[in-house]
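First the structure, then my questions, so here it is.
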There are 2 protein chains.
Amino acid sequence: MTTALKRIEREPLWDLAHAQLRDALLAGRFEPGTVLTLRSLAESFGTSITPVRDAVTRLVAQGVLQQGPRNSAIVPNLSRKELADLTVVRCALEGRAAREAALQRHDDATLRRLEERLATMQSLIQARKLESYLEHHRKFHFGIYAMSGIPLMVETIENMWLRCGPVLSFVIPEYVVLLKGWDHHTAALKAIMAGDADGAEREIVADISEAAHYLAGLADSTGQLKRPSG
Amino acid sequence: MTTALKRIEREPLWDLAHAQLRDALLAGRFEPGTVLTLRSLAESFGTSITPVRDAVTRLVAQGVLQQGPRNSAIVPNLSRKELADLTVVRCALEGRAAREAALQRHDDATLRRLEERLATMQSLIQARKLESYLEHHRKFHFGIYAMSGIPLMVETIENMWLRCGPVLSFVIPEYVVLLKGWDHHTAALKAIMAGDADGAEREIVADISEAAHYLAGLADSTGQLKRPSG
DNA sequence: CCATGTTGTTTGTTATAACAAACAACAAAA
DNA sequence: TTTTGTTGTTTGTTATAACAAACAACATGG
């Protein structure tokens, strides 16, 4: 039976605020180092401070926002060391997820969808549509991780991506255009389809490591990552 | 210069509530499946609902508490599948942490402290002081993970431990007394001291896997983990 | 006896106000 | 000029009240 009536769901305001902040962080729309004040956020959302307080509390608990002095929430500015740490954790997690994905059977529809997305990504790069490329790039990675069949894994990896969200936008202009990581993506997918667990893990780890190595080059003398001025 | 005066810091009420709930969860003082209502928690803490709301929001954001219908917070009851997922993630994370720990040099004081703790754990088992054994067991594991030099790793692993906190108490009566996992602990520490990365990872993974295998045997026909009646 | 409608209670959500700590600007004294 | 004290503003914290949805108990009608 099909539901004739649409399900009633009144999403709480703090949930909407949380999602909006989350997307803004992931897209790099907040300059690293910015302090987010409850009242200004409340004003921009058109609500009282109570819902935005819940949202910010949640973000801080997830480690997405750093808590500065006086429990203020600031969008994190990654140092070279923090980026290296993030890379180690991401490699362990995402490498393992790719391995688990390779160990399981998948229906053709799922695999074909990923192949199509890969093709889309290539054309988006050549068309220099960088912002929508990043969206597909993200969905490609998480499409693989979802194939592990471990929701907790996906959730944890998502948390790591959120943490490097603000600096992730730094990578757009130069790195992506050079098709860096392109071969790793195709090789990883091919390995998963072939059931090659070692290969899948190796390619994903290589993809992450190389991107991190590129990003590390953007650090200044103090170790802080900076957006390339070009 | 040494600070002559102690730093002034008035911890927020919701931080205290968060810590108390966190410890109670980790110690298994809440029966899995219990729904935590804001007003009852507020009454037991002697505060208004605002601080406890912040604390609960944080716990839910961390995945420590599950959110049931009507955004209510319930202490999670792990299924066999969720335990298996948790085990995969923990092995990837904690195995890698042990590996990183083995790759670095450590001062003798740190290593000796861990050896002493290991001895303490053994005597606590033989004296059947199970609850304080678990405390030392936890500190031993995290002592190793801290030696990786990666705070993010420690933080993420801590999150995973929190998630299996409620059922972790199930393991106390029988498993620990049998000295299961004892050899893995000593072997892991020895491997780290010898700089044997492969061995360190292997032993930690074995420790986690065997405990998980034991726990999985406690699942009922529906897949829910139950406290042994004995 | 069962189904249905009503009502009261419980519970999360949101807004608002009062509060305290921190910070910035400015003024006054050395 | 520099330092110090004051003041006003900003900002997170907490309590409280009003609100709405969900649930349970009970009553009512078939």
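Return the residues of the stretch B:91-106 that are acidic (Asp, Glu) and at the interface with chain A (Cβ under 8 Å from one of its Cβ atoms); say none if nothing qualifies.
Within the stretch B:91-106, the subset acidic (Asp, Glu) is B:94, B:100.
Within the stretch B:91-106, just B:Glu100 meets the criteria.
When the residues of the stretch A:33-75 are filtered to those that are more than 15 Å from DNA strand D (Cβ to nearest atom) and surrounded by fewer than 21 Cβ atoms within 10 Å (Cβ to Cβ), which remaining residue is nearest to B:Asp54 (Cα to Cα)? Show your work before the answer.
Pass one, the stretch A:33-75, residues more than 15 Å from DNA strand D (Cβ to nearest atom): A:46, A:62-64.
Okay, now just the ones that are also surrounded by fewer than 21 Cβ atoms within 10 Å (Cβ to Cβ), so A:46, A:62-63.
Values: A:Gly46: 21, A:Gln62: 13, A:Gly63: 15 Å.
Here the answer is A:Gln62.
Answer yes or no: is there a residue in the stretch A:124-137 that is at pLDDT 95 or above, part of a helix (DSSP H, G or I) and either aliphatic (A, V, I, L, M) or surrounded by 16 or more Cβ atoms within 10 Å (Cβ to Cβ) (or both).
Checked against the condition, which is being at pLDDT 95 or above, part of a helix (DSSP H, G or I) and either aliphatic (A, V, I, L, M) or surrounded by 16 or more Cβ atoms within 10 Å (Cβ to Cβ) (or both), the stretch A:124-137 yields no hits at all.
I've got another one for you. Filter the stretch B:35-50 down to the residues that are more than 7 Å from DNA strand C (Cβ to nearest atom) and either closer than 13 Å to B:Ala19 by Cβ or outside any helix (DSSP H, G or I) (or both) and list them by number.
First, the residues of the stretch B:35-50 that are more than 7 Å from DNA strand C (Cβ to nearest atom): B:41-48.
If the condition is that a residue be more than 7 Å from DNA strand C (Cβ to nearest atom) and either closer than 13 Å to B:Ala19 by Cβ or outside any helix (DSSP H, G or I) (or both), then B:Phe45, B:Gly46, B:Thr47, B:Ser48 are the ones that fit.
So, one more: Using the structure shown, decide if A:Ala102 is crowded, with 20+ Cβ neighbours inside 10 Å and not polar (S, T, N, Q). Before the answer, list the steps.
Details: crowded, with 20+ Cβ neighbours inside 10 Å: yes; not polar (S, T, N, Q): yes.
The answer is yes for A:Ala102.
Anything in the stretch B:61-90 that is touching a residue at least 12 places away in the same chain (Cβ under 8 Å) and facing chain A (nearest Cβ under 8 Å)? List them, or say none. Don't jump to the end; show me each part of the working.
Of the stretch B:61-90, the ones touching a residue at least 12 places away in the same chain (Cβ under 8 Å) are B:62-65, B:68, B:72-81, B:83-84, B:86-87, B:89-90.
If the condition is that a residue be touching a residue at least 12 places away in the same chain (Cβ under 8 Å) and facing chain A (nearest Cβ under 8 Å), then B:Gln62, B:Gly63, B:Leu86, B:Val89 are the ones that fit.
Can you name the residue in the stretch B:171-230 that is among the acidic types (Asp, Glu) and under 24 Å from B:Ser123 (Cα atoms) and is also modelled with the highest pLDDT among such residues? Full working, then the answer.
Residues of the stretch B:171-230 among the acidic types (Asp, Glu): B:174, B:183, B:196, B:198, B:201, B:203, B:207, B:210, B:220.
With under 24 Å from B:Ser123 (Cα atoms) added as a condition, the list becomes B:174, B:183, B:203, B:207, B:210.
Working: B:Glu174: 67, B:Asp183: 89, B:Glu203: 97, B:Asp207: 94, B:Glu210: 90.
So, considering only residues that are among the acidic types (Asp, Glu) and under 24 Å from B:Ser123 (Cα atoms), the one modelled with the highest pLDDT is B:Glu203.
When the stretch A:51-95 is examined, which residues are found to be within 16 Å of DNA strand C (Cβ to nearest atom), closer than 25 Å to B:Met160 by Cβ and assigned to a helix (DSSP H, G or I)?
A:Asp54, A:Ala55, A:Val56, A:Thr57, A:Arg58, A:Leu59, A:Ala61
Here is a further query. Quick check on my filter: what residues within the stretch A:138-175 are within 13 Å of the chain's Cα centre (by Cα) and outside any helix (DSSP H, G or I)?
A:Cys164
A further question on this structure: Quick check on A:Ser48: is it more than 9 Å from chain B (Cβ to nearest Cβ), within 20 Å of the chain's Cα centre (by Cα) and hydroxyl-bearing (Ser, Thr, Tyr)? Write out each step before concluding.
Numbers: more than 9 Å from chain B (Cβ to nearest Cβ): yes; within 20 Å of the chain's Cα centre (by Cα): no; hydroxyl-bearing (Ser, Thr, Tyr): yes.
No; evaluated as a whole, the condition is false for this residue.
Looking at A:Arg7, A:Arg29, can you tell me which residue is more than 12 Å from chain B (Cβ to nearest Cβ), at pLDDT below 90 and under 16 Å from the mean Cα position of the chain (by Cα)? Give the derivation first.
Values: A:Arg7 fails: under 16 Å from the mean Cα position of the chain (by Cα).
The conditions single out A:Arg29.
Quick check on A:Arg29: is it within 11 Å of DNA strand D (Cβ to nearest atom) and of a type in the set (D, E, K, R)? Show your work before the answer.
Working: within 11 Å of DNA strand D (Cβ to nearest atom): no; of a type in the set (D, E, K, R): yes.
So A:Arg29 does not fit the description; no.
Does the stretch B:16-26 hold any residues that are within 12 Å of chain A (Cβ to nearest Cβ) and more than 16 Å from DNA strand C (Cβ to nearest atom), and which are they?
B:Arg22
Let me spell it out: the conditions are (1) in a helix (DSSP H, G or I); (2) within 14 Å of chain B (Cβ to nearest Cβ), and A:Thr110 meets all of them except one. Which number is the exception?
(2)
Hey, another quick one. So B:Leu111 clears everything in (1) within 19 Å of the chain's Cα centre (by Cα); (2) touching a residue at least 24 places away in the same chain (Cβ under 8 Å) except one condition, right? Which one?
(1) is the only condition that B:Leu111 fails.
The values are calculated or read from the model by the stated rules, or taken from the named source; none is laboratory data. Note that the coordinates shown come from a computational prediction; the quantities given were computed from them, not determined experimentally. All Cβ positions, glycine included, derive from the backbone under ideal geometry; neighbour counts span all protein chains shown.
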